[in-house]
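The values are calculated or read from the model by the stated rules, or taken from the named source; none is laboratory data. These figures come from a predicted structure and were not determined experimentally. For neighbour counting, all protein chains shown are included, and Cβ atoms are generated from backbone atoms with ideal geometry for every residue, glycine included.
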Amino acid sequence: MKRFLPTRAAGLLIALVVLCSAGEAQQLRATRVETAGFTVSDMERSIDFYSRVLHFQKVSDRRIPKAKARVVRMQLGEEQIELTQYEAKGRPFPLDSHGNDHWFQHVAIVISDMQKAYATLRQNRVRHASSAPQRLPDWNQNAAGIEAFYFRDPDGHYLELIHFPPGKGDPKWQRPSEELFLGIDHTAIVVADTDQSLRFYRDLLGMHIAGESENYGVEQEHLNGVFAAHLRITALRAEQGPGIELLEYLAPTDGRETPSDLRANDIAHWETRVEFKGNSGREAWDASRAANIMLVSPRPAEGLAEPGVEFLAQDPDRHVIVFRCAKPNAMSRITSAAEGERQ
């Protein structure tokens, strides 16, 4: 496999994390996971797929001249995803990707009826990643009765259908609805070490653990497409928005690390946007530096696609996060401080 995933010199800051702290300088508080976003090779094809097959609606479409990119927001229910196409084409999604490789990321689309949703995918000849929809077994108390199915979009990005039985998931997914595709529950990422990832997402960003599970067995193998899959799953939440789900493979342990040279225009590139309010960008920047996280951006800057102050970072497994602070007058303070450091 070519070594090509998220780069430390990513161009467009699309998937954003908007940081807000309610307390100490080194303790931030995530208020909302806003979007998960990824790079596409053909915007019109992607818009057609997500709108026609999965019932998303296009809510914005903008050109970003500095990044030479087109950015489209698609909404399903209350949640959104962000699609980006660059003028300079990057590398395609790796054909030999597996569900336990560390660059794995997907969004979980909640549906009201698994059989009807699966039939819709089959009618549209959508590529399977799971063998078929799986119902998680009753012995697994935290996940019992959940139905799930992995599939791929036209570029190869992983996606999931998920159906929650009564008593599982966010109560909003139990509201009566005539819609088949309801919204996005979470974005899931493969991590090498859950405890290490918690130091990033919980201890630095201020997200909280909303649920934990240990999943294995034949159903999990067929769902993930990984033989003998045994996962430690940790669901994290901010105050609002979809969750971030950590998937640590206790077995098999041969998942490949995310290469260091993935660029923003490579199709396997994902970014996750989370909002924080209350802190200036400078405070968020200082907290991130103090925590020794991998900062992609040389300094905070005005957002390219949205107002506010932004900077890009990577989590311990090189999943890309963008920090955006919308606090008034934050930009002038950051710019002057950053310029002072360079002198």
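Can you find a residue that is within 17 Å of the chain's Cα centre (by Cα), among the polar types (S, T, N, Q), modelled with pLDDT of 95 or more and closer than 30 Å to residue 282 by Cα anywhere in the stretch 38-54? Break it down stepwise before answering.
So in the stretch 38-54, the residues within 17 Å of the chain's Cα centre (by Cα) come out as 38-40, 50.
After this cut, where a residue has to be among the polar types (S, T, N, Q) as well, the list is 39.
Restricting the remaining residues to those that are modelled with pLDDT of 95 or more gives 39.
Next, from what is left, pick out any that are closer than 30 Å to residue 282 by Cα: 39.
Within the stretch 38-54 (the criterion being within 17 Å of the chain's Cα centre (by Cα), among the polar types (S, T, N, Q), modelled with pLDDT of 95 or more and closer than 30 Å to residue 282 by Cα), the answer is yes, since at least one residue qualifies.
Go through (1) surrounded by fewer than 21 Cβ atoms within 10 Å (Cβ to Cβ); (2) assigned to a strand (DSSP E or B); (3) among the aliphatic types (A, V, I, L, M) and name the single condition residue 228 misses.
All conditions are met except number (2).
I'd like the residue in the stretch 153-167 that is in contact (Cβ under 8 Å) with a residue 24 or more places away in the chain and in a loop (DSSP other than H, G, I, E, B) and, out of all such residues, is farthest from the chain's Cα centre (by Cα). So that I can check it myself, show each step before the final result.
Quick first cut of the stretch 153-167, residues in contact (Cβ under 8 Å) with a residue 24 or more places away in the chain only: 153-164.
From the residues that got through so far, the ones that are in a loop (DSSP other than H, G, I, E, B) too are 153-157, 164.
Values: 153: 15, 154: 18, 155: 16, 156: 15, 157: 11, 164: 20 Å.
Restricting to residues being in contact (Cβ under 8 Å) with a residue 24 or more places away in the chain and in a loop (DSSP other than H, G, I, E, B), the top hit is 164.
Looking at 108, 88, which one is under 25 Å from residue 262 (Cβ atoms), aliphatic (A, V, I, L, M) and touching a His at 6+ places or on another chain (Cβ under 6 Å)? Give the derivation first.
Working: 88 fails: touching a His at 6+ places or on another chain (Cβ under 6 Å).
108 is the lone residue from the list that is under 25 Å from residue 262 (Cβ atoms), aliphatic (A, V, I, L, M) and touching a His at 6+ places or on another chain (Cβ under 6 Å).
Give 307, 316 a once-over and let me know the one that is at pLDDT below 85 and surrounded by fewer than 22 Cβ atoms within 10 Å (Cβ to Cβ).
On the way: 316 fails: at pLDDT below 85.
Of the residues listed, the single one that is at pLDDT below 85 and surrounded by fewer than 22 Cβ atoms within 10 Å (Cβ to Cβ) is 307.
Could you list all residues from the stretch 256-288 that are aromatic (Phe, Trp, Tyr) and more than 19 Å from the chain's Cα centre (by Cα)?
Of all residues in the stretch 256-288, those aromatic (Phe, Trp, Tyr) come to 270, 276, 285.
Selection gives 285 alone.
Among the candidates 145, 99, single out the residue that is part of a loop (DSSP other than H, G, I, E, B), buried (at least 18 other Cβ atoms within 10 Å of the Cβ) and either in contact with a Pro (Cβ under 9 Å, 6 or more places away or on another chain) or at pLDDT 95 or above (or both).
Details: 145 fails: buried (at least 18 other Cβ atoms within 10 Å of the Cβ).
Checking each option against the conditions leaves just 99.
Out of curiosity, is residue 289 of a type in the set (D, E, K, R) and closer than 25 Å to residue 91 by Cα? Walk me through it before giving the result.
Working: of a type in the set (D, E, K, R): yes; closer than 25 Å to residue 91 by Cα: no.
Here the answer is no, as residue 289 does not meet what is asked.
Which of the residues belonging to the stretch 231-254 are in a strand (DSSP E or B) and closer than 18 Å to residue 161 by Cα?
Those that are in a strand (DSSP E or B) and closer than 18 Å to residue 161 by Cα: 233, 235, 243, 244, 245, 246, 247.
Could you check the stretch 54-79 and list, in sequence order, the residues that are part of a helix (DSSP H, G or I), surrounded by fewer than 19 Cβ atoms within 10 Å (Cβ to Cβ) and touching a residue at least 12 places away in the same chain (Cβ under 8 Å)?
First, pick out the residues of the stretch 54-79 that are part of a helix (DSSP H, G or I): 65-67.
In the following step, the residues that additionally are surrounded by fewer than 19 Cβ atoms within 10 Å (Cβ to Cβ) were identified as 65-66.
Hit for the stretch 54-79 is 66, nothing else.
Do you know which residues across the stretch 255-293 are hydroxyl-bearing (Ser, Thr, Tyr) and free of Cβ contacts under 8 Å to residues at least 60 places away in the same chain? First the steps, then the outcome.
Pass one, the stretch 255-293, residues hydroxyl-bearing (Ser, Thr, Tyr): 258, 260, 272, 280, 288.
Within the stretch 255-293, 280 is the sole residue that qualifies.
What is the one condition in (1) touching a residue at least 60 places away in the same chain (Cβ under 8 Å); (2) within 30 Å of residue 289 (Cβ to Cβ) that residue 198 does not satisfy?
The one condition residue 198 does not meet is (1).
Can you tell me which of (1) at pLDDT 95 or above; (2) closer than 30 Å to residue 77 by Cβ; (3) assigned to a strand (DSSP E or B) is the one residue 274 doesn't meet?
That leaves (1) as the condition not met.
Can you name the residue in the stretch 203-224 that is surrounded by fewer than 17 Cβ atoms within 10 Å (Cβ to Cβ) and assigned to a loop (DSSP other than H, G, I, E, B) and, of all such residues, is nearest to the chain's Cα centre (by Cα)? Quick ask: steps written out before the conclusion?
Of the stretch 203-224, the ones surrounded by fewer than 17 Cβ atoms within 10 Å (Cβ to Cβ) are 203, 208-212, 214, 216-218.
Checking the rest, the ones that are also assigned to a loop (DSSP other than H, G, I, E, B) come to 203, 217.
Details: 203: 19, 217: 26 Å.
Among residues in the stretch 203-224 that are surrounded by fewer than 17 Cβ atoms within 10 Å (Cβ to Cβ) and assigned to a loop (DSSP other than H, G, I, E, B), the one nearest to the chain's Cα centre (by Cα) is 203.
Show the residue pairs meeting these rules: Cβ distance below 7 Å; 6+ apart or different chains; first residue within the stretch 120-131 and closer than 14 Å to residue 223 by Cα; second residue assigned to a helix (DSSP H, G or I) and at pLDDT 95 or above.
Filtered contacts from the stretch 120-131: 130/222; 130/223; 131/222.
When residues of the stretch 80-116 are filtered for being free of Cβ contacts under 8 Å to residues at least 60 places away in the same chain and more than 22 Å from residue 188 (Cβ to Cβ), how many remain?
3
Filter the stretch 102-132 down to residues that are part of a loop (DSSP other than H, G, I, E, B) and within 22 Å of residue 252 (Cα to Cα), then give me how many there are. So that I can check it myself, show each step before the final result.
First pass over the stretch 102-132, keeping only residues part of a loop (DSSP other than H, G, I, E, B): 102-104, 112-113, 124-126, 129-132.
So of that shortlist, the ones also within 22 Å of residue 252 (Cα to Cα) come out as 102-104, 129-132.
Qualifying residue count for the region: 7.
Answer yes or no: is there a residue in the stretch 112-123 that is closer than 26 Å to residue 317 by Cα and buried (at least 20 other Cβ atoms within 10 Å of the Cβ).
First pass over the stretch 112-123, keeping only residues closer than 26 Å to residue 317 by Cα: none.
Taking every residue of the stretch 112-123 in turn, none turns out to be closer than 26 Å to residue 317 by Cα and buried (at least 20 other Cβ atoms within 10 Å of the Cβ).
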